[in-house]
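Peer 1: Sharing a structure, written as C-alpha cells. Questions coming.
The values are calculated or read from the model by the stated rules, or taken from the named source; none is laboratory data. On a predicted model such as this, the values are computed, not experimentally measured, just so you know. Cβ placement follows ideal geometry from the backbone for every residue including glycine, while neighbour counts extend to all protein chains displayed. For the accessible areas, the whole protein counts, side chains as well, though only heavy atoms, and no ligand, DNA or RNA atoms are used. Shrake-Rupley method; radii C 1.70, N 1.55, O 1.52, S 1.80 Å.
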Amino acid sequence: MWWGGRGQSFNIAPQKEEPEMGSVQENRMPEPRSRQPSSCLASRCLPGEQILAWAPGVRKGLEPELSGTLICTNFRVTFQPCGWQWNQDTPLNSEYDFALVNIGRLEAVSGLSRVQLLRPGSLHKFIPEEILIHGRDFRLLRVGFEAGGLEPQAFQVTMAIVQARAQSNQAQQYSGITLSKAGQGSGSRKPPIPLMETAEDWETERKKQAARGWRVSTVNERFDVATSLPRYFWVPNRILDSEVRRAYGHFHQGRGPRLSWHHPGGSDLLRCGGFYTASDPNKEDIRAVELMLQAGHSDVVLVDTMDELPSLADVQLAHLRLRALCLPDSSVAEDKWLSALEGTRWLDYVRACLRKASDISVLVTSRVRSVILQERGDRDLNGLLSSLVQLLSAPEARTLFGFQSLVQREWVAAGHPFLTRLGGTGASEEAPVFLLFLDCVWQLLQQFPADFEFSEFFLLALHDSVRVPDTLTFLRNTPWERGKQSGQLNSYTQVYTPGYSQPPAGNSFNLQLSVWDWDLRYSNAQILQFQNPGYDPEHCPDSWLPRPQPSFMVPGPPSSVWLFSRGALTPLNQLCPWRDSPSLLAVSSRWLPRPAISSESLADQEWGLPSHWGACPLPPGLLLPGYLGPQIRLWRRCYLRGRPEVQMGLSALTVSGLQDELSHLQELLRKWTPRISPEDHSKKRDPHTILNPTEIAGILKGRAEGDLG
Amino acid sequence: MLGKGVVGGGGGTKAPKPSFVSYVRPEEIHTNEKEVTEKEVTLHLLPGEQLLCEASTVLKYVQEDSCQHGVYGRLVCTDFKIAFLGDDESALDNDETQFKNKVIGENDITLHCVDQIYGVFDEKKKTLFGQLKKYPEKLIIHCKDLRVFQFCLRYTKEEEVKRIVSGIIHHTQAPKLLKRLFLFSYATAAQNNTVTDPKNHTVMFDTLKDWCWELERTKGNMKYKAVSVNEGYKVCERLPAYFVVPTPLPEENVQRFQGHGIPIWCWSCHNGSALLKMSALPKEQDDGILQIQKSFLDGIYKTIHRPPYEVVKTEDLSSNFLSLQEIQTAYSKFKQLFLIDNSTEFWDTDIKWFSLLESSSWLDIIRRCLKKAIEITECMEAQNMNVLLLEENASDLCCLISSLVQLMMDPHCRTRIGFQSLIQKEWVMGGHCFLDRCNHLRQNDKEEVPVFLLFLDCVWQLVHQHPPAFEFTETYLTVLSDSLYIPIFSTFFFNSPHQKDTNMHQRQLSLPLTQSKSSPKRGFFREETDHLIKNLLGKRISKLINSSDELQDNFREFYDSWHSKSTDYHGLLLPHIEGPEIKVWAQRYLRWIPEAQILGGGQVATMSKLLEMMEEVQSLQEKIDERHHSQQAPQAEGPCLLRNSARLSSLFPFALLQRHSSKPVLPTSGWKALGDEDDLAKREDEFVDLGDV
C-alpha cells in the first residue's frame, strides 16, 4: 500500500495494491469507530504510554489522500493509516509520529478561518475541520476530519493534543522500548552498533584504529570521575588511572583529555573540556595533564573549538529562524527568499563548521602530531568537530556502520546533552547542535556523492529520530542517566559491575534497544534506501590500508606547541594555563567571520609550497569540502518538507532510472532462467522493494556468466 | 622548471598580502628569459588564421591564494584569438589531452569572447579603450565565458607592449565590419567536406520540406500551411525564406507590411491548440495609416478567431513583461559576482553571497520567464486556447518564451537533436539578432543583451530539476553557451537567415548545429567523451504527451496539481519556480574559480559510477540477447571512460584545464617514504606517510 512517497521522507514508489486504496477507503472508514481503538492500538504503545483521545481522519495535502486514525497519547501524536497494521512489520510508524515535544505549531482550520492553538481552552466555539501539526523537525501533518457525527471526537482529539502538548514541557522520563515489548525474539541479540557501554567495545574500536599508544581506562566505571563521561575511554598507555583521576579534576566538569580518533598516519585527535582555572594543581598534576595532552608527540596543536563557531544561542536562534522561513505559509516573497535564507545565518554556521573541520583534518593529516579539541563543556561542538574530522579523513567513518558507531561514540557515549539541547527540558539551553551536525554531513554527501555508503534518507531518518520517544539513545543527557534507566527497567542488570565482561548473550543489558534498531520504525523497503546507490567501492576502506606507524613516544616537553585559532597557528609557550599566565581560552571568543581569510588557506600554510606542481591527488581517503557561499546549499528535502508544492530532492532520480533498467533486465533474465540456484535464491528479493543496483548488477553478472559458462 | 617564475613570498605563515603588484627580482627574470629562448612553443593556427602581433616575456599570473605566481611566455594576438604560449603542452597527462578543447586551448581567448579589458597603472585599475597615451604594466582580460586573465607586461620590451596592447584593444574593442569576421576567412580556408548522416540530424528549417515535416510531426498540418512567399527574401529580410501561417491567410497579406502583423506558427499542441507569434506593425502617427493598419489587423484576427481555430489569447511581451534593459542590467551585475581578479575579492563577496545574488535579480528574471512559460502552457494545455505572442520584432522574448513552452510541452525538444532543431527553428530562423545581442561587431554596446544565455539558463533550471527528462546534460548547455563566442561556427554570428545567406557562400561550413558537426561538443572534446554530454539515461522519448482531461482556469491550480502528481518525463514538464528552487548554474559560472573546486567530489563523482553501471547493464544486455537468439555476436567493448582518472574534480571536464588549483594539493615529496623509524622521530618535519611505498 501507499505510504510515504512524495512529500514524505522516502522515495518509495506506490506498489501494486495502491489502486485498491480508493475502493477500500470507503469500506474501511467506519472501521476504526466500530473497533475499540485503545485495545488494538495498545499493543503498539510504549511502556507507560496511554491513549488520550483518537478520531478518524484523512491525511491531506499529498496525493493520494489517506484515511486513518489520529491518536493522541501522553507521549506523542500519531496518525495511523488504515491497513497499516496489517502490512507493516515495524512496531512503530516513522512517517506520522509526532512526539509531543516535536510539535512546533498547531493550527485548526474551520471553514475559512484558521486558528493557532496555544493553550487549552482556546478552542471553545470551534469544531475543527482540519488540523495542521507543524513539527519542529520540519514535517507537516494535515489531517482532515470527516463530517457526519464524528465532530465530538475531532474536538476531543484536538483538545487532547493541545493539553498534552502543554503538559509535555515538564521533562518526561521516557523509558524507551524494551525488547520484549517490541515483540522481538528472545534475548540472544547483539545491538546492531556497538553501544560503547562495555570495555570490550572500546577495546575493539581501539584495535580497529590501531591506536597502540593508548589503552582503555576503567577509571570512570562508577561514573565518579564525571557522570557526563562514558564509563570507559582511551588514555595514553603510560598514564596511570590514578593520574587520570587527578588530572581530570582540573578540567571543567571533570572532562579531561581523551583520545577521539587515531589517524592511521600516526596523529591523534583528542578532545577535552576547558581548564578549570580555579584549581591549583601541583607540579605532578600539571605534568600528568601535559603528558596526556602531548600524547607522545613532539608537535602539539591546541584547537580552540569555540573560536569562529557559533555559540549555542546562535545555533538555536538560527534554527528557529530557519523553521519560520520554511513554514509553508511563510510570508517571504519568492524574490526575497535568498536574502531571507541568508538572514537566518544557519548556512553560515554550517559553513563555519565545515571550514573548521576541514582545517583540522589538514592539521591531523599533514604531520604526525597531537591535535586537541578544547571546548569549555566538551559536550557540544567538540563532538561536532571531531565527528566531522573523522568523516573527512577516515573512509571507514563514511560507511553506514562506521557512521552510526561514530555518532554513538562521539555524541551518545561522549555525553552530548541531547535531551536539553533538543528542548526536552525546557527552552533555556535548547540548541540543535546535533541537527547542525547532520546538516554538515548532508553537505558533505552533496559534495562527495560517491564517498558515502549511506544516503540522504538515512540522514533524514536520523534527523527525524531525535525526538521520538522509543529508544533511550537521544532522550538522555548523560551516559550515566542512560545506564541508570536501563538498570531500572531490568532489575537484574549488573550496571555497576566492575570489569564488565559477560558475553552479550543472556545479558539483559543488551535488550535495551537503540535508535540503530531501525526496523523498529522503518520498513525493509525504507531501510534499503539508507544505502547510497552511488557509493563507489573504489574509494571504500578496503583499498585504504592504514600503514602501521611507529609509536614513538617523545620524552620530555613537546618541541612545538601551537594554538589554532582564526585559521592560523600561533605558538604557545605552554600547554597548561596554571603556571603563570591566565588561560588563553578563558577569553571567550565570539563567532565572527574570519576577516578576508581566504587569502591564505591553512593547507597552504601547512604545506606551504609553490603551486606549480600541478594537480596531484590528495592523500587517499581525505576529503576537503567546499565551504564557499555557492557551495553550501539548503537541505530542501529536510527543511521544505512542510511545503507541499516544493518537490522533494532529485538526487536519486538518475540512479533510480538505472535501477528501473536493471530490474527490467532482471525480469528478463528470470523469464529465461526459471531454475534458480540456491545461492541466488538467498539473494532474491521481493520485486517491489527498491534494490541496490550494485547488488543487482553483481547478481545479474554472476547469473549471466554462470549461464554462459 | 622551464619558463616559470615564482613571484612573491613562499607560502609561509607570513605571506605578503595579495596585491596586484608583482615582486620579481630582476635576476629572476634574467634567468628565466634564457630558458624561454631555449624552448619554442608553437602557435597552432586554424586554417585562415593570421598572426597579428605578439610580445615576449609576458608573465601570466596564476590565480593563487596567498601569493601571486606567474608563468612566462609569449602573448600573441591573431585575427581569431588572443593566446598565451608558455605552458609546456607535453606536461599534460593523458586525461587532460583527452578532455582538451580542440579549438580553444587553456590560454586562448577568442576575440569575441573578450568582455572587458583593464589596465593596471600604478596599482590602479582602469578600463582600456581607444587610443592609449600610456601603456599599462598589467593587463586584465575579462572573458564572456567568465574567465579572467592577468598578464604582467613589466618585463616586456616597450615597443612590444605598445604593439600588443593596442593590437588587442583594437581587435577586440573597435567596431568591426561584418565582412571582417574571422568566420569568413576560416570558411574560405577550411573547405570542409561535409558528410551528411541522414539519420540523427538536426532539422535546419531552411527548406520547405523541413517545415512540412515539423507540421506533420506536431499534427499542425490541418490548420496551418508552410509558405514560400518569402523565397529569396522577396518580402522581407527579417523573416526566413519559409515559414508557417494559418491556412486561410492570403499570401498577399504577408507582403502588406513586410511580414509584420502576420501570425506565424511556432508549434502545435497535441490537443490542436497552437503557439503563434506576431511582430507588431510599425508605429505610425498618421491617422489614415493607422486606420489601414487597424482594418488589416481586424482581418487577420477574424481569420484566426473563426473555427476551426481555438480561442486566441494574446500575450504582449513588449509591454507587460521583462524589458531587454532589465535583462542587460541584471546580467551585468550578476556576472560581476564571478569575474574575480583575485581571491580576496572573491572572499569579500562570499560573506554576503545570497544577498548579492538576489540583488542582481538575475535569478528572479529566470523565474519570471519560467513563470510566463508556465502560464502559456496552462492556456494551451488546460484551456485549449491558442496563444499569440506579440513583440516588436518577435525575435527576442518571443524566441525565449516560445522555446521554453515547447521544451515543457514537447518531449521531442528534450532530445539533443530535438533541442538543436528547436534552437534552429525558434532562434536562428526566428531571426534572433545574435550578432547584435552578443555584440560581436562591437558596434553598439546598448544592443548587447544576453537573451540567448537567459534562455540557456532557464533550460538549465529545467535540466537541473528534472535530469531524467532530458537527453542532454548541463555540460552540453555549458559548451553550447561557449560556442556563442567561437567564430568558426556560423550559427550564432548573424542577425537573420537573410544576412547569413547573403554573406555566406560556402554552405559546407562547420556549424555547431548541423549534421557535419552534429554537436558543438563533438567539436570541443574528443569523441570518447560523448557519453558525458549525452545523458545516457534520457531514454528514447517518442511518446506523445499524455492527454490530461482536467481543465483548470488558473495558473496556480495548474501548477500545484501538476506538481502534486508524479512526473511523467515523457510528457508535460513544469519547472519549480519557488524561491529555493531557482539556482545558480554553477557549472557555467563557477568553473574557472579554483576556490570553488571540490576535489574528488561533485556530480561527476556519481556520473562516473553511473557510467560504469551503464556499461555493465549494456554488457549484460548483450549477453542476454546473445543467449536469447543463440547467436554468436561479436563482443563489443564498451568505451572505457574515466577509468584511469582516479578522482576528478567537481569542475570536470573544465577543471582539468584549470591546472593550477589552489585547493590544498599536497606536495608529492611530502608523500614519499619517510625512511626508517629511527630517523623519523628525529626529523623536524614529520610528514605523514600515506603514499605508495
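Peer 1: Considering only residues of region B:462-481 that are in a loop (DSSP other than H, G, I, E, B) and open to solvent by 10 Å² or more (accessible area, probe 1.4 Å), which is modelled with the lowest pLDDT? Let's see the steps before the verdict.
Peer 2: Step one: list which residues in region B:462-481 are in a loop (DSSP other than H, G, I, E, B), which gives B:466, B:470-471, B:473.
Still in the running and open to solvent by 10 Å² or more (accessible area, probe 1.4 Å): B:471, B:473.
Values: B:E471: 91, B:T473: 87.
Residue satisfying both the conditions and the ranking: B:T473.
Peer 1: Still on this model: Among the residues of region A:382-396, which ones are surrounded by fewer than 24 Cβ atoms within 10 Å (Cβ to Cβ) and either free of Cβ contacts under 8 Å to residues at least 12 places away in the same chain or closer than 14 Å to A:V371 by Cα (or both)?
Peer 2: None; the set is empty.
Peer 1: Looking at A:R287, A:R246, can you tell me which residue is open to solvent by 40 Å² or more (accessible area, probe 1.4 Å), among the basic types (K, R), more than 26 Å from the chain's Cα centre (by Cα) and modelled with pLDDT of 90 or more? Walk me through how you get there before you give the answer.
Peer 2: Working: A:R287 fails: modelled with pLDDT of 90 or more.
Checking each option against the conditions leaves just A:R246.
Peer 1: Something else now. Considering only helices (runs of 4 or more DSSP H) fully contained in region B:340-427, which possess at least 1 residues that are under 29 Å from B:V148 (Cα atoms) and within 14 Å of chain A (Cβ to nearest Cβ)? Can you show your working first?
Peer 2: Values: elements: B:343-350, B:353-360, B:362-381, B:397-409, B:416-423.
Counting at least 1 such residues, we get B:343-350, B:353-360, B:362-381.
Peer 1: Output the strands (runs of 3 or more DSSP E) that fall wholly within region B:103-156 and possess 2 or more residues being open to solvent by 10 Å² or more (accessible area, probe 1.4 Å) and at negative phi, or say none. Walk me through it before giving the result.
Peer 2: Working: elements: B:108-110, B:114-121, B:124-127, B:138-143, B:148-152.
The qualifying strands (runs of 3 or more DSSP E) are B:114-121, B:124-127, B:148-152.
Peer 1: Continuing with this model, one more query. Condition first: out of contact with any Lys or Arg (no Cβ under 7 Å at 6 or more places or on another chain) and part of a helix (DSSP H, G or I). Now tell me which residues in region B:482-498 satisfy that. Give the derivation first.
Peer 2: Taking region B:482-498 and keeping what is out of contact with any Lys or Arg (no Cβ under 7 Å at 6 or more places or on another chain), we get B:482-484, B:486-489, B:491-493, B:495, B:497-498.
Answer for region B:482-498, where residues must be out of contact with any Lys or Arg (no Cβ under 7 Å at 6 or more places or on another chain) and part of a helix (DSSP H, G or I): B:D482, B:S483, B:L484, B:P497, B:H498.
Peer 1: Those residues that are surrounded by fewer than 20 Cβ atoms within 10 Å (Cβ to Cβ) and without any contact (Cβ under 8 Å) to a residue 60 or more places away in the chain, I need them from region B:326-353; list them, please.
Peer 2: B:E326, B:T329, B:S332, B:K333, B:Q336, B:E345, B:D348, B:T349, B:I351, B:K352
Peer 1: What tally of residues in region A:300-333 results from selecting those that are hydrophobic (A, V, I, L, M, F, W, C) and at pLDDT below 85?
Peer 2: Of the residues in region A:300-333, the ones hydrophobic (A, V, I, L, M, F, W, C) are A:300-303, A:306, A:309, A:312-313, A:315, A:317-318, A:320, A:322, A:324-327, A:332-333.
Going one step further and asking which of them are at pLDDT below 85, we end up with A:327, A:332-333.
Residues meeting the conditions: 3.
Peer 1: Here's a follow-up. Find all pairs meeting these conditions: Cβ atoms under 8 angstrom apart; at least six residues apart or on different chains; first residue within region A:227-248 and small (G, A, S); second residue open to solvent by 60 Å² or more (accessible area, probe 1.4 Å).
Peer 2: As it stands, the answer is A:S228/A:Q253; A:S228/A:W480, since those pairs meet every condition given.
Peer 1: Out of region B:597-620, which residues are polar (S, T, N, Q) and more than 7 Å from every other protein chain (Cβ to nearest Cβ)? Steps first, answer last, please.
Peer 2: Just the residues of region B:597-620 that are polar (S, T, N, Q), to begin with: B:597, B:603, B:606, B:608, B:618-619.
If the condition is that a residue be polar (S, T, N, Q) and more than 7 Å from every other protein chain (Cβ to nearest Cβ), then B:Q597, B:Q603, B:S608, B:Q618, B:S619 are the ones that fit.
Peer 1: For A:L293, indicate whether it is on the phi < 0 side of the Ramachandran plot and crowded, with 22+ Cβ neighbours inside 10 Å.
Peer 2: Numbers: on the phi < 0 side of the Ramachandran plot: yes; crowded, with 22+ Cβ neighbours inside 10 Å: yes.
It is true that A:L293 is on the phi < 0 side of the Ramachandran plot and crowded, with 22+ Cβ neighbours inside 10 Å.
Peer 1: Working carefully through the options B:L356, B:L370, find the one that is open to solvent by less than 10 Å² (accessible area, probe 1.4 Å) and within 30 Å of A:I632 (Cα to Cα). Walk me through how you get there before you give the answer.
Peer 2: Details: B:L356 fails: open to solvent by less than 10 Å² (accessible area, probe 1.4 Å).
Every option except B:L370 fails the conditions.
Peer 1: Any idea which residue in region A:429-460 is nearest to A:L322 (Cα to Cα), counting only those that are over 14 Å from the mean Cα position of the chain (by Cα), away from chain B (no Cβ under 14 Å) and open to solvent by 10 Å² or more (accessible area, probe 1.4 Å)?
Peer 2: Step by step, filter region A:429-460, then rank; the result is A:E430.
Peer 1: Now a separate question. What residue, among those in region B:579-596 that are facing chain A (nearest Cβ under 9 Å) and at pLDDT below 85, is farthest from B:E375 (Cα to Cα)?
Peer 2: Going residue by residue through region B:579-596, those that are facing chain A (nearest Cβ under 9 Å) are B:579-584, B:586, B:589-590, B:593, B:595-596.
Restricting the remaining residues to those that are at pLDDT below 85 gives B:579-580, B:593, B:595-596.
On the way: B:G579: 18, B:P580: 20, B:I593: 37, B:E595: 40, B:A596: 36 Å.
Ranking the candidates gives B:E595 first.
Peer 1: Turning to a different aspect of this structure: Which condition breaks for A:R271 when tested against (1) in a strand (DSSP E or B); (2) of a type in the set (K, R); (3) within 11 Å of chain B (Cβ to nearest Cβ)?
Peer 2: It is condition (3) that A:R271 fails.
Peer 1: Within region A:131-154, is there a residue that is at pLDDT 80 or above, farther than 29 Å from A:R636 by Cβ, part of a helix (DSSP H, G or I) and within 36 Å of the chain's Cα centre (by Cα)?
Peer 2: Yes.
Peer 1: Can you find a residue in region A:376-392 that is part of a helix (DSSP H, G or I), under 19 Å from A:W214 (Cα atoms) and modelled with pLDDT of 90 or more?
Peer 2: In the first step, residues of region A:376-392 are kept if they are part of a helix (DSSP H, G or I); the result is A:381-392.
Filter again for under 19 Å from A:W214 (Cα atoms), leaving A:386, A:390.
Remaining after also requiring modelled with pLDDT of 90 or more: A:386, A:390.
Yes, because at least one residue in region A:376-392 is part of a helix (DSSP H, G or I), under 19 Å from A:W214 (Cα atoms) and modelled with pLDDT of 90 or more.
Peer 1: For residues that are hydrophobic (A, V, I, L, M, F, W, C), out of contact with any Pro (no Cβ under 9 Å at 6 or more places or on another chain) and either without any contact (Cβ under 8 Å) to a residue 24 or more places away in the chain or at the interface with another protein chain (Cβ under 9 Å from one of its Cβ atoms) (or both), tally how many sit in region A:327-354. Reasoning before the result, please.
Peer 2: Of region A:327-354, the ones hydrophobic (A, V, I, L, M, F, W, C) are A:327, A:332-333, A:337-338, A:340-341, A:346-347, A:350, A:352-354.
With the extra rule that they be out of contact with any Pro (no Cβ under 9 Å at 6 or more places or on another chain), the set shrinks to A:327, A:332-333, A:340, A:346-347, A:350.
Filter once more, keeping what is either without any contact (Cβ under 8 Å) to a residue 24 or more places away in the chain or at the interface with another protein chain (Cβ under 9 Å from one of its Cβ atoms) (or both): A:332-333, A:340, A:347.
Qualifying residue count for the region: 4.
Peer 1: Of the residues in region B:193-217, how many are crowded, with 20+ Cβ neighbours inside 10 Å, modelled with pLDDT of 90 or more and of a type outside the set (A, V, I, L, M, F, W, C)?
Peer 2: Counting residues in region B:193-217 that are crowded, with 20+ Cβ neighbours inside 10 Å, modelled with pLDDT of 90 or more and of a type outside the set (A, V, I, L, M, F, W, C) gives 1.
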